[in-house]
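The values are calculated or read from the model by the stated rules, or taken from the named source; none is laboratory data. Since the model is a prediction, treat every value here as computed from it, not as a measurement. Cβ placement follows ideal geometry from the backbone for every residue including glycine, while neighbour counts extend to all protein chains displayed. Note: areas computed on protein heavy atoms with side chains; ligands, DNA, RNA excluded. Shrake-Rupley method; radii C 1.70, N 1.55, O 1.52, S 1.80 Å.
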Amino acid sequence: MSEEVIKVVGGNPIRGTIKIEGAKNSVLKLMAASIIAPGEYSITNVPMISDVGIMADVLRTLGAVVELGDHCARIDTTNLTSFETPYELVAKMRASISVLGPLLARFGKAKVAMPGGCRIGTRKLDMHIASLEALGVVFDSEHGYIYGAVEGGLVGNEVELAFPSVGATENLIMAAVVAKGTTIIENAAREPEICDLANFLNKMGADISGAGTPVITINGVEEMHATDHRVVGDRIEAGTYLIAGALGGGPLTVEGVDPNNLRRPLAILEKMGVHVEEGPNSITVSHEGAFKPYDIQTLPFPGFPTDLQAQFMVLSILADGHSIITENVFENRFMFADEITRMGADVRVDGHHAVIEGVEQLSGAPVQSSDLRGGAALVLAGLVADGETTVSNIEHIDRGYEDYVGKLRSVGADIKREFV
Ligand code: EPZ
């Protein structure tokens, strides 16, 4: 059976302007949050990516009416008929677990298939469960499903997260908004997508303060209602294209992203010799010659984002010297490093560290995408490799990047999708 691949021939200058879409890692949670209060929601600046389609299907299995199109999601959750998400959808997308908090808020019970492990690690749910138990939820798990129920309604509590988990913070917030009393989350995740979710929930009538800081306070409310919202720009999509501009010389501008959401990556780009200019809602990069090596450690926000680790590794691989990239957030997020050696990169993975010796040039080769960000990074490497690179398993890339090939072609890349 034929397979669709991405073919890219390296060497073209990369310059121009790319419009950034709404953040995948916000919109999926906003869609889940529409479960909390019955009504009609209109969410704009929605990226047209396959993960959004899966979340729409999850909501439809619960009884919601969802219309997607033209970067907008219209969701009607007036008549939900179920509190159970099927395995086949959760297996496709771990983010489906984000319906857990909203279902508990709406129905006081939830039955969610346990997401399988994924390519970047086991990605447990212990912090999700422990946090919600603190609000009175009793969990049971059997036959691959988690079943949670709370008799007499959710009750606010103080919860300290062992690790600032993005998903656990979000599920806890989405349950706490209608709990009796106040919930205080200590060591909360601080990602910009958490702030976007809190803004959305407050527009629905919630009472949340402190989002974006390590301590988030939620005063439970009686009533919430539907609302409209524009999704925050996707900092990871933007960072990915900034790397393309640095690799291809630029100047390349990304429009529709707040530079404050990329502080650490922009600082590291400058340390590596890339010229960075900022606008209120745009960033422009340009570069010539070799990159300066710079050690990178991934950390929860505001640290360097793990979702840009593979993309930045392409710069390190072409830097003029030795550098180390340390992955502190996921336990197995170096598959890209293994694959990129096929293109001539000198990367040695040692546990949580990738030890990199810069090389002059990469050579195009057939390579396989094994996860969303690694796949995007393989294409970035192909932009500057000698000859043609063919990237397969590109369904991973389509999960999180709208028209990745079209956007790169629009700034000069010799790139196409092809069935082989
Ligand atoms: C979100 O995943 C993002 N996904 C990820 O983006 C991102 O890499 C991650 O946050 C960190 O920023 C979405 O928002 C849909 P975590 P999430 O809970 O919520 C461990 C991409 O490429 N952990 O902060 O799953 C977990 O195993 C994706 O867009 C537990 O041990 O991330 C991981 O090692 C990839 N127990 C670490 O914490 C738990 O209960 C961070 O996970 C929860 C998490």
Worksheet item: How much accessible surface does residue 182 have with a 1.4 Å probe, in Å² rounded to 10?
Response: 60
Worksheet entry | Within-12-Å neighbourhood charge of residue 366 [Cβ basis; K, R +1; D, E -1] | -1
Discussion item. With the cut-off at 1.5 for a/c, could you classify the stretch 122-164 from its C-alpha gyration tensor as rounded, prolate or oblate?
Written reply: oblate
Discussion item. I'd like the distance between the alpha-carbon centres of the stretch 14-88 and the stretch 210-245, rounded to an integer number of Å.
Written reply: 14
Worksheet item: By per-residue mean of other Cβ atoms within 10 Å, what is the highest-first order of 282-295, 41-54?
Response: 41-54, 282-295
Worksheet item: Carbon and sulfur together cover what percent of the accessible area of the stretch 1-145 at a 1.4 Å probe radius?
Response: 51
Worksheet item: Which shape class, rounded, prolate or oblate, goes with the stretch 193-237 when its Cα gyration tensor gives a ≥ b ≥ c as root eigenvalues, a/c under 1.5 marks rounded, and past that a/b bigger than b/c marks prolate?
Response: oblate
Fill in: Cα gyration tensor shape for the stretch 300-344, rounded if a/c is under 1.5, else prolate or oblate
oblate
Practice prompt. Calculate, in whole percent, how much of the Cα-Cα pair population of the stretch 279-420 lies beyond 22 Å.
Written response: 38
Worksheet item: With all protein chains present, how much of the accessible area of the stretch 361-420 (probe radius 1.4 Å) comes from carbon and sulfur, to the nearest whole percent?
Response: 47
Practice prompt. Report the dimensions of the stretch 149-256 along its three principal axes from the alpha-carbon atoms, largest first, rounded to Å.
Written response: 60, 33, 24
Discussion item. Counting only other residues whose beta carbon sits under 14 Å from that of residue 184, what net charge do I get with K and R as +1, D and E as -1?
Written reply: -4
Fill in: DSSP bridge pairs, the stretch 124-188: antiparallel proportion in percent, nearest 5
55
Practice prompt. Name the aspartates and glutamates eligible as straight-distance cross-link partners of residue 124: C-alpha to C-alpha under 19 Å, and not fewer than 8 places from it in the same chain.
Written response: 88, 133, 140, 142, 160, 170, 307, 327, 331, 371
Item to complete: Could you list the GluC sites (Glu not before Pro) in the stretch 172-238 that lie in coil according to DSSP, counting only those with at most 16 other Cβ atoms within 10 Å of their Cβ?
Response: 222, 223
Worksheet item: Given a Förster radius of 22 Å and the C-beta distance between residue 290 and residue 355 as r, what FRET efficiency does 1/(1 + (r/R0)^6) yield to the nearest 0.05?
Response: 0.75
Worksheet, complete the sentence: So, over other residues within a Cβ distance under 15 Å of residue 99, counting Lys, Arg +1 and Asp, Glu -1, the net charge is +2
Practice prompt. State the extension gain, in nm to one decimal, for the chain segment bounded by residue 203 and residue 275, taking 0.36 nm per residue of separation less the distance between their alpha-carbons.
Written response: 22.1 nm
Worksheet, complete the sentence: Residue span residue 155 to residue 320: 0.36 nm per residue of separation minus Cα-Cα distance leaves a gain in nm of 53.8 nm
Worksheet item: Going by accessible area, probe 1.4 Å, with all protein chains left in place, what is the ranking of 350, 207, largest first?
Response: 350, 207
Worksheet item: Which distance in nm do the two modelled labels at residue 414 and residue 215 give, with both placed 7 Å along the Cα-to-Cβ direction?
Response: 5.8
Worksheet entry | Full-extension gain in nm, residue 255 to residue 222, via 0.36 nm per residue minus C-alpha separation | 8.0 nm
Discussion item. Take residue 267 and residue 403, extend 7 Å from each Cα along the Cα→Cβ direction, and tell me the distance between the two endpoints in nm.
Written reply: 3.5
Worksheet item: So how far apart, in nm, are the two label points at residue 180 and residue 363 if each is 7 Å from Cα heading toward Cβ?
Response: 7.1
Worksheet, complete the sentence: The set of residues whose placed amide H lies less than 5 Å from the amide H of residue 297, leaving out same-chain residues fewer than 5 positions away, is 326
Worksheet item: What residues qualify as long-range amide H neighbours of residue 154, i.e. H under 5 Å apart, gap of 5 or more or another chain, H built at 1.01 Å from N?
Response: 180
Worksheet item: On average, how much accessible surface per residue is there in the chain, in Å², for a 1.4 Å probe, leaving out ligands, DNA and RNA?
Response: 38
Item to complete: Mean Kyte-Doolittle of at least 1.0 plus a Cα span of 18 Å or more along the axis: flag which DSSP H helices in the chain meet both, please.
Response: 372-384
